[in-house]
Amino acid sequence: MVRKPASNTPMAGQRRSSLSSLQPIDSSPFKRPSSPLFIWITLLLVWLISLLPWRVWQPAPDLLLLVIAFWCMNEPHRVNMLAAFCFGLLMDVHDGGLLGEQALTYTLVAYGALLLSRRLQRFNSIVQAIHMIPVFVLAEAAARLCHAWLAGEWMGWQWLWSALFTVALWPLADVLLHMPQRRLDETESGSA
């Protein structure tokens with residue numbers, strides 16, 4: 001018994017599957033990962049900026065924490081909780097405070113960003129910032145409670161402004177840190 005090869009054309013009584021005619025809504029390619037060199041240059045640059053004395057002002061936003069959380073959410077394979085812990089220890093040593101206080105904050109925010117990263121990839125930067133508010137506030141609150149317990153003093157509620165200002169800068173960080181990818185996309189679409 002000889003079988004005929006199956007043809008892709010439907011016969012008179014059969015209908016073609018509707019799934020074969022579906023086209024993607026967004027035909028642009030998937031988001032490419034950022035360059036590891038760019039990621040680490042931004043982290044080191046913001047770390048150096050964070051060493052300046054403007055951070056003494058209590059409600060000042062923590063730019064290093066913002067950039068670490070951003071890269072943890074967008075590039076979780078390159079920036080993780082270990083990097084956040086190391087940068088937190090470096091900031092603890094620089095500030096001369098309790099060793100591990102900033103490291104705890106940075107690690108908790110990195111954990112929250114890693115936990116929410118897959119969900120938040122679907123949203124724009126403003127919705128991402130709204131979702132990150134509890135992460136920043138709870139991580140900072142945990143560190144402040146540990147400080148109050150270990151040092152025996154409560155430093156007030158100014159840290160809450162710092163956490164809120166940090167989250168308010170999330171859309172700006174999204175624009176600035178994704179700028180090289182957008183420029184690459186524009187040059188590729190112009191040459192095509």
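When you filter the chymotrypsin sites (Phe, Trp or Tyr not before Pro) in region 32-67 for DSSP loop state and at most 16 other Cβ atoms inside 10 Å of their Cβ, you are left with Trp57.
Would you mind classifying region 117-180 by shape? Square roots of the alpha carbon gyration tensor eigenvalues, ordered a ≥ b ≥ c; an a/c under 1.5 is rounded, otherwise it is prolate if a/b is larger than b/c and oblate if not. Taking the square roots of the gyration eigenvalues as a ≥ b ≥ c, region 117-180 is prolate. Under the combined filter of DSSP loop state and at most 16 neighbouring Cβ atoms within 10 Å, region 70-125 retains these trypsin sites (Lys or Arg not before Pro): Arg78, Arg122. Could you calculate the FRET efficiency of Asn124 with Gln181 from 1/(1 + (r/R0)^6), where r is the beta carbon distance between them and R0 is 25 Å, rounded to 0.05? Rounded to the nearest 0.05, the efficiency is 0.95. The solvent-accessible area of Ser117, taken with every protein chain present and a 1.4 Å probe, is close to 10 Å². Taking the average, over residues, of other Cβ atoms within 10 Å as the packing measure, peptides 99-110, 132-143, 170-181 rank 99-110, 132-143, 170-181 from highest down.
Where a ≥ b ≥ c are the square roots of the eigenvalues of the C-alpha gyration tensor, would you call region 74-132 rounded, which needs a/c under 1.5, or, failing that, prolate if a/b is larger than b/c, or oblate? Prolate. In region 36-192, Cα pairs under 8 Å separated by at least six residues give a relative contact order of 25 percent. In region 27-186, the convex hull through the Cα atoms has an average projected area of 9.2 nm², a quarter of its surface area.
The values are calculated or read from the model by the stated rules, or taken from the named source; none is laboratory data. What you see is a predicted model, and the numbers here were worked out from it, not measured in a lab. Every residue, glycine among them, receives a Cβ derived from its backbone with ideal geometry; neighbour counts consider all protein chains shown. SASA here: full protein model, heavy atoms, side chains in, ligands and nucleic acids out. Shrake-Rupley method; radii C 1.70, N 1.55, O 1.52, S 1.80 Å.
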